[in-house]
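Asks: Below: one structure in structure tokens.
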Amino acid sequence: MVESPSLFRCDGMNKEKLFFVGNNKTGTTTIHRTFQKYGISSIHNANWISRSWDCDEEYFQRAEAFSDGIRVANLPWLDQTYDAFFILNTRNVRDWVVSEWNHRRRRRNRDPNVYFGPEKERLIQRIKYRNVHHREVLRYFSDRDNFMILNVADSPNDIVAEHLSKVSGIGIDALVFGQPHKKPASEYVK
């Protein structure tokens, strides 16, 4: 166990780390920017997941909160190494798929009609993988008190702020949203 002072007050429990174990495109940029605004150090990329499988304790000293992932982190190692709180950040599957698809297409700068064909099977696999990911996380935390599910994208902003306040132990009165995309939404698949 890493010796570190407790940084968060979660439901009456002191915790030193927060891990958002949901997929990317589920409000992780909002979580990250909100934590930055309120002085909570946060890492927002998928590197922390592979570092958990490497059992890299030095890496996890860089921040207090970790988010944005595409696969299941090494939950047992994180849970045994850190006094942590885990949040399965989620979003309704239809909007998640559209956001994921648009994100991938924008990164490759492709026309929607050209892009859809080769990516259709990949997206079906991502939905299946997302479901497996959620089942694994829920199974691991089925009898735990250091876990919650938070639908950042579909919940009212004040409810999300209330839940983030509850797990962080600080008063979060407003969320900080990510930058809007440069192209209008009409250019992306709805």
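Asks: Run the quick spin-label model on Ala174 and Leu138: label points 7 Å from Cα toward the beta carbon, then report their separation in nm to one decimal.
Replies: That separation, rounded to one decimal, is 3.6 nm.
Asks: By the scheme Lys and Arg +1, Asp and Glu -1, what is the net charge of all other residues having a beta-carbon under 11 Å from that of Trp77?
Replies: With Lys, Arg at +1 and Asp, Glu at -1, the net is -3.
Asks: Are any of the pairs Lys128/Lys166; Lys17/Lys128; Lys37/Lys166 more than 24 Å apart by Cα-Cα distance, and if so, which?
Replies: Lys128/Lys166; Lys17/Lys128
Asks: For Arg51, what charge total do you get from the other residues with a beta carbon under 11 Å from its beta carbon, if Lys and Arg give +1 and Asp and Glu give -1?
Replies: Details: positive: Arg62; negative: Asp54, Asp56, Glu57, Glu58.
The answer is -3.
Asks: Something else about it: Could you put Arg122, Arg71, Arg62 in order of accessible surface area, largest first, with the 1.4 Å probe and the full protein assembly present?
Replies: Numbers: Arg122 120, Arg71 95, Arg62 150 Å².
Output order, biggest surface exposure first: Arg62, Arg122, Arg71.
Asks: As a test question: what accessible area, to the nearest 10 Å², does Thr81 have when a 1.4 Å probe is rolled over all protein chains in place?
Replies: Its accessible surface works out to 10 Å², give or take rounding.
Asks: I'd like the accessible area for Trp53: 1.4 Å probe, protein heavy atoms, all chains in place, Å² to the nearest 10.
Replies: Approximately 130 Å² for this residue.
Asks: Continuing with this model, one more query. Over the stretch 11-108, one equal point on each Cα, no solvent: what is log10 I(q)/I(0) by the Debye formula at q = 0.14, 0.19, 0.21 Å⁻¹?
Replies: -0.53, -0.93, -1.09
Asks: Ordering Arg139, Arg126, Arg33, Arg94 by accessible area with a probe of 1.4 Å, largest first, what comes out? Let's see the in-between values first.
Replies: Numbers: Arg139 160, Arg126 35, Arg33 75, Arg94 140 Å².
Per-residue accessible area, sorted high to low, gives Arg139, Arg94, Arg33, Arg126.
The values are calculated or read from the model by the stated rules, or taken from the named source; none is laboratory data. Note that the structure is a prediction, hence the values are computed from the model and not measured. Please note: Cβ atoms are built from the backbone with ideal geometry, for glycine as well, and neighbour counts cover all protein chains shown. What goes into the accessible areas is simple: the full protein's heavy atoms, side chains included, and nothing from ligands, DNA or RNA. Shrake-Rupley method; radii C 1.70, N 1.55, O 1.52, S 1.80 Å.
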